[in-house]
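Below is one structure, written out as structure tokens; comments come after it.
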Amino acid sequence: MPRKSGKTDKSIYHMIREDELNLSRDRASELLEAITADRLEKIETGKLAIRPEEVVLMADKYKHPELCYEYCSNDCPIGQRVSHDVTIKDLSKITIEMLASLNDIEAQKNRLIEIVADGTIDSTEIRDFKSIQDNLEKISVAADSLKLWTEKMIADGTIVESSSESTRSKY
């Protein structure tokens, strides 16, 4: 059993490797193949910036697709501007959030048509337009959460991808 770190401010890469997978750095390095134990230590302690291809490799080998989302929303300068935090949630919670947002946007659909019909958004329309934009963002977050949930279930083997129509899942 690998010796556990006493650090309390571990990076997500460190937490997943050590706390969830119970892997030593040497064993993780063997699993990752392209990342040495020394580089892994420097990534986990923040001494070196992780490269996108290393995040993808860890996400795949550790079976933790959320690492990609974490990297994009927190470490990638472009992702910090354009993405949102996505976390793994229960499927029923994701579904309820998505349906609530879809219901809200359905109710706002006619107002959106009114706002954009003349090709301009005037000062009397901006508040409603912003509300519609906020609801669209909620739908986007819910869709990304559903995508992450699915990726995680496939990585865990809970959902088995199959070419047949009898794909089975237990969540």
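Here are a few things to note about the model shown:
- Lone qualifier among Leu48, Leu31 - being surrounded by 13 or more Cβ atoms within 10 Å (Cβ to Cβ), more than 21 Å from the chain's Cα centre (by Cα) and not in a helix (DSSP H, G or I): Leu48
- Across the stretch 67-101, the qualifying residues are those that are in contact with a Ser or Thr (Cβ under 7 Å, 6 or more places away or on another chain) and at pLDDT 90 or above, and the one among them that is nearest to Ile159 (Cα to Cα) is Ile94.
Per-residue answers, yes or no, for (1) more than 30 Å from Leu21 (Cβ to Cβ); (2) assigned to a helix (DSSP H, G or I):
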{"position": "Val86", "(1), (2)": "no, no"}
{"position": "Ile94", "(1), (2)": "no, yes"}
{"position": "Asp104", "(1), (2)": "yes, yes"}
{"position": "Gln108", "(1), (2)": "yes, yes"}
{"position": "Thr124", "(1), (2)": "yes, no"}
{"position": "Leu148", "(1), (2)": "no, yes"}
{"position": "Met153", "(1), (2)": "no, yes"}
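- Residue that is nearest to Glu97 (Cα to Cα), among those in the stretch 111-153 that are open to solvent by 80 Å² or more (accessible area, probe 1.4 Å) and of a type in the set (D, E, K, R): Lys138
- Of all residues making up the stretch 51-81, the number that are among the basic types (Lys, Arg) and either assigned to a helix (DSSP H, G or I) or open to solvent by less than 80 Å² (accessible area, probe 1.4 Å) (or both): 2
- Given (1) within 30 Å of Glu30 (Cβ to Cβ); (2) among the acidic types (Asp, Glu); (3) open to solvent by less than 70 Å² (accessible area, probe 1.4 Å), index of the condition Glu97 fails: (1)
The values are calculated or read from the model by the stated rules, or taken from the named source; none is laboratory data. The structure displayed is predicted, hence computed values, not measured ones. All Cβ positions, even for glycine, are placed from backbone atoms using ideal geometry, and neighbour counts span all protein chains on display. Quick note on the areas: whole protein, heavy atoms, side chains included, nothing else; ligands and nucleic acids left out. Shrake-Rupley method; radii C 1.70, N 1.55, O 1.52, S 1.80 Å.
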